[in-house]
Amino acid sequence: MKFNRKQKHLFLKFFSMFSVIRGYNILIIIVAQYLTSIYILAHDIPLKKVILDINLFVLVLASAATIAGGYIINNFYDSEKDLINRPIKSQLDRLVNQNTKLSFYFILNFVAIVLASYVSFNAVVFFSIYIFGIWFYSHKLKKLPFIGNLTSAILTITPFFAIFLYYKNFETVIFVHAIFLFLMISMRELTKDLENIKGDLAQNYHTIPIIYGEKASKIMLTILTVLTLIPSYLLLYRFEIGYMYLFFYLAIILLILFIMLLWKSKTKMHYLILHNILKFIIVAGVFSIVLINVSIVLNRI
């Protein structure tokens with residue numbers, strides 16, 4: 001099957017927008033929200049009832065729309081920096097003009113609020129604050145050391161708070177899981193700062209590596225890694241997590257490897273490898289949730 005010139009152009013624009021909104025990340029977050037609901041937040045509710053819950057479905061869609069909009073506004077403010085840090089991706093992203101991106105940004109946020117209104121007024125307030133928080137981070141806070149990293153980590157886990165508040169499950173194990181994820185994301189954000197020093201410096205971003213140096217950043221990453229071992233230990237030896245213990249043992253091994261490589265890293269490629277190690281741990285953690293109870297599908301249908 002051959003594509004004509006117009007079809008090829010539309011095809012490229014589709015992939016450009018998919019790249020801008022990082023569709024692959026959104027798909028993982030959607031899967032993560034459902035797995036978290038099924039295996040952790042609503043583990044005592046019949047599986048069919050969770051999967052067919054229209055309110056949960058709407059909250060997940062609202063989260064996806066908000067996150068997609070967040071990636072667009074972040075891309076808008078970071079366009080010049082990305083030309084330096086990610087030239088190939090940046091060229092693909094620029095196939096869609098800025099006006100079109102901003103139009104999609106407002107449409108996605110509007111859709112998110114409409115979807116949230118189906119669930120409750122509180123959901124509308126939650127997503128309104130979330131949308132504002134993403135914009136304020138991209139516009140102001142991202143360039144600030146510590147505050148930018150902390151805000152980014154909080155915004156990344158915010159979609160899980162939406163379903164956490166929906167199910168109102170306050171079991172201790174949930175907070176321990178959340179702390180582990182928060183620390184992992186904080187490590188990833190700081191590693192990204194090390195990876196993107198060149199572009200951040202050119203665009204006058206006041207990130208931790210630029211203000212305090214690479215050595216101080218590596219010390220902070222080492223401290224964060226040690227802190228990550230605390231929730232790992234608690235989840236392994238204080239809570240029932242089924243076969244998910246395999247993931248945490250693997251994560252500990254990879255974190256030890258991460259620290260060993262960190263202190264030998266000097267180039268952008270080195271930091272990219274470290275970033276990918278952390279990304280792999282986070283994504284593997286999402287799909288490892290099913291190991292908490294491998295028989296859950298059979299028992300709860």
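Before moving on, here are some points about what is shown:
Here is a yes/no grid of residues against (1) modelled with pLDDT of 95 or more; (2) surrounded by 13 or more Cβ atoms within 10 Å (Cβ to Cβ):
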residue: SER232; (1), (2): yes, yes
residue: TYR245; (1), (2): yes, yes
residue: ILE256; (1), (2): yes, no
residue: MET260; (1), (2): yes, no
residue: THR267; (1), (2): no, no
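- Among the residues listed as ASN74, ASN109, the single one being assigned to a helix (DSSP H, G or I), under 21 Å from the mean Cα position of the chain (by Cα) and either more than 29 Å from TYR271 (Cα to Cα) or assigned by TED's automatic domain parsing to the domain that holds ASP200 (or both): ASN109
- All of ILE179, ILE211 fail the test of being closer than 20 Å to HIS43 by Cα and touching a Pro at 6+ places or on another chain (Cβ under 8 Å), apart from ILE179.
- Extreme residue, nearest to PHE170 (Cα to Cα), among residues of region 17-33 that are buried (at least 18 other Cβ atoms within 10 Å of the Cβ) and of a type outside the set (A, V, I, L, M): GLN33
- Here region 203-230 is the region considered, the condition is being outside any helix (DSSP H, G or I) and more than 23 Å from the chain's Cα centre (by Cα), and the residue that is modelled with the highest pLDDT is GLY213.
- Enumeration of residues in region 181-216 that are closer than 30 Å to LEU236 by Cα and either in the same structural domain as LEU35 (by TED's automatic domain parsing) or in contact (Cβ under 8 Å) with a residue 60 or more places away in the chain (or both): LEU181, MET184, ILE185, MET187, ARG188, THR191, LYS192
- Residue within region 241-252 that is under 23 Å from VAL173 (Cβ atoms) and either β-branched (Val, Ile, Thr) or not in a helix (DSSP H, G or I) (or both) present: yes
- If you go through region 109-137 and keep only what is in contact (Cβ under 8 Å) with a residue 60 or more places away in the chain and of a type in the set (A, V, I, L, M, F, W, C), you end up with VAL119, ALA123, PHE127, ILE131, ILE134, TRP135.
- When residues in region 1-59 are screened for being over 30 Å from ASN293 (Cβ atoms), assigned by TED's automatic domain parsing to the domain that holds VAL114 and of a type in the set (S, T, N, Q), 2 of them pass.
- Every residue from region 1-53 that is part of a helix (DSSP H, G or I), free of Cβ contacts under 8 Å to residues at least 24 places away in the same chain and farther than 20 Å from ALA68 by Cβ: ARG5, LYS6, GLN7, LYS8, HIS9, LYS49, VAL50, ILE51
The values are calculated or read from the model by the stated rules, or taken from the named source; none is laboratory data. It should be emphasised that the depicted structure is a prediction, and the values quoted were computed from it without experimental measurement. Backbone-built Cβ (ideal geometry, glycine too); neighbour counts: all protein chains shown.
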